[in-house]
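Only one structure is covered here, and it is reproduced in the block below.
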Amino acid sequence: MNVLTLVGMGPGDHAGMTFAADEALTAAEVIVGYKRYVQLLQPLYPDKEYVSTGMTREVDRCRDALELAANGKQVALVSSGDVGVYALAGLVYELSVDYPQVEIVVVPGVTAATSGAALLGAPIGHDFAVISLSDLLTDWAVIEQRLDAAAAADFCIALYNPASHKRADYLARASQILLRHKSPETVCGLAYRVGRSGEATALTTLGELHNATADMFTTVFIGNRATRVVNGRMVTPRGYFKSAD
Ligand code: SAH
């Protein structure tokens, strides 16, 4: 049986990778991925054959990986974070119907919601929702509906894809929707380039979030009504000291 391994490489550095991900990449003959991830992996696994494609070539990238596996190569298809979270695992399964001889194995990774949370403190210590602001594959009306519903239910929220060159004002638009239900004082945090050069965090409030800098390597955290700043960290209590609140 030919195997295609889908590997979540974590936020970016070797330390943020699981042992299973490292094993899968060590065992691979060919590593397929978006060129930015391939650049991060090449120094760690210099002897591999690499196949990289640009950002919008996801279908080609998955087909390449399936083709190579069908031809008997030991292939790892990589994504940052977790390979099943706004990444390629689902697409590979959809395309795999044309490659019945290829068995697919998924190796999970540390997703930006948890790696970014760890840098900020403990912002998602209670129920949280993960929402992507990218409207490349999802209608903005659906994104808006989910933002509204998550805010109405007082979820902590991790926002992926908060901005890009073409979508500079999306975070401001999202903040406006969240403000329908959440207070402007709600604690917010931003995690920049986790595990990569330029790693940083910032704290703000929902009322000020529209002024925050965010790009495609930023994950944005919006607290619930109990979230507060403790020693400079963003913390969402689970409720152990409820009676004292
Ligand atoms: N599969 C990835 C998510 C891909 S969507 C995962 O599980 O993490 C891309 C978005 O993920 C980015 O716009 C950003 O919001 C977030 N992200 C990915 N890597 C990041 C990093 N190193 N630091 C901060 N945010 C990151």
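The values are calculated or read from the model by the stated rules, or taken from the named source; none is laboratory data. All values reported here derive from a predicted model rather than from experimental measurement. Here Cβ is always computed from backbone atoms with ideal geometry, including for glycine, and neighbour counts include all displayed protein chains. We work out accessible area using only protein heavy atoms, side chains counted, and drop any ligands, DNA or RNA first. Shrake-Rupley method; radii C 1.70, N 1.55, O 1.52, S 1.80 Å.
Below are the figures for this structure:
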quantity: Filter result for PHE155 (farther than 30 Å from LEU40 by Cα and buried (at least 17 other Cβ atoms within 10 Å of the Cβ)); calculated: yes
quantity: Checking ARG180 against (1) modelled with pLDDT of 95 or more; (2) of a type in the set (D, E, K, R); (3) farther than 20 Å from ASN211 by Cα, the condition it does not meet; calculated: (3)
quantity: Test: residue in the range 137-148 that is within 11 Å of the ligand (Cβ to nearest atom), of a type outside the set (Asp, Glu) and surrounded by 17 or more Cβ atoms within 10 Å (Cβ to Cβ); calculated: no
quantity: Residues satisfying the stated conditions in the range 110-131, i.e. assigned to a helix (DSSP H, G or I) and of a type outside the set (S, T, N, Q); calculated: ALA112, ALA113, GLY116, ALA117, ALA118, LEU119, LEU120
quantity: Strands (runs of 3 or more DSSP E) within the range 1-109 that include 3 or more residues open to solvent by 10 Å² or more (accessible area, probe 1.4 Å) and away from the ligand (no atom under 14 Å from the Cβ); calculated: 2-8, 49-53, 102-107
quantity: Hits in the range 80-105 (condition: small (Gly, Ala, Ser) and either more than 30 Å from LEU159 (Cα to Cα) or within 19 Å of the chain's Cα centre (by Cα) (or both)); calculated: SER80, GLY81, GLY84, ALA87, ALA89, GLY90
quantity: Condition check for ALA117: within 25 Å of ALA152 (Cα to Cα) and either more than 10 Å from the ligand (Cβ to nearest atom) or open to solvent by 20 Å² or more (accessible area, probe 1.4 Å) (or both); calculated: yes
quantity: Residue ID - farthest from the ligand (Cβ to nearest atom), chosen from residues in the range 191-210 that are in contact (Cβ under 8 Å) with a residue 40 or more places away in the chain and at negative phi; calculated: LEU203
quantity: Unique residue being in contact with a helix residue (DSSP H, G or I) (Cβ under 8 Å, 6 or more places away or on another chain), over 25 Å from PHE241 (Cβ atoms) and modelled with pLDDT under 95 when the list is ALA174, ALA163; calculated: ALA163
quantity: Some residue of the range 183-198 being polar (S, T, N, Q), crowded, with 19+ Cβ neighbours inside 10 Å and more than 25 Å from GLY12 (Cα to Cα); calculated: yes
quantity: Unmet criterion (only one of (1) within 16 Å of the ligand (Cβ to nearest atom); (2) open to solvent by less than 50 Å² (accessible area, probe 1.4 Å); (3) of a type outside the set (Asp, Glu); (4) within 25 Å of VAL230 (Cβ to Cβ)) for ALA174; calculated: (4)
quantity: Residue within the range 151-168 that is away from the ligand (no atom under 16 Å from the Cβ) and closer than 19 Å to ALA112 by Cα present; calculated: yes
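Table: residues versus (1) farther than 21 Å from ASP82 by Cα; (2) in contact with a strand residue (DSSP E or B) (Cβ under 7 Å, 6 or more places away or on another chain).
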position: TRP140; (1), (2): yes, no
position: LEU147; (1), (2): yes, yes
position: TYR160; (1), (2): no, yes
position: PRO184; (1), (2): yes, yes
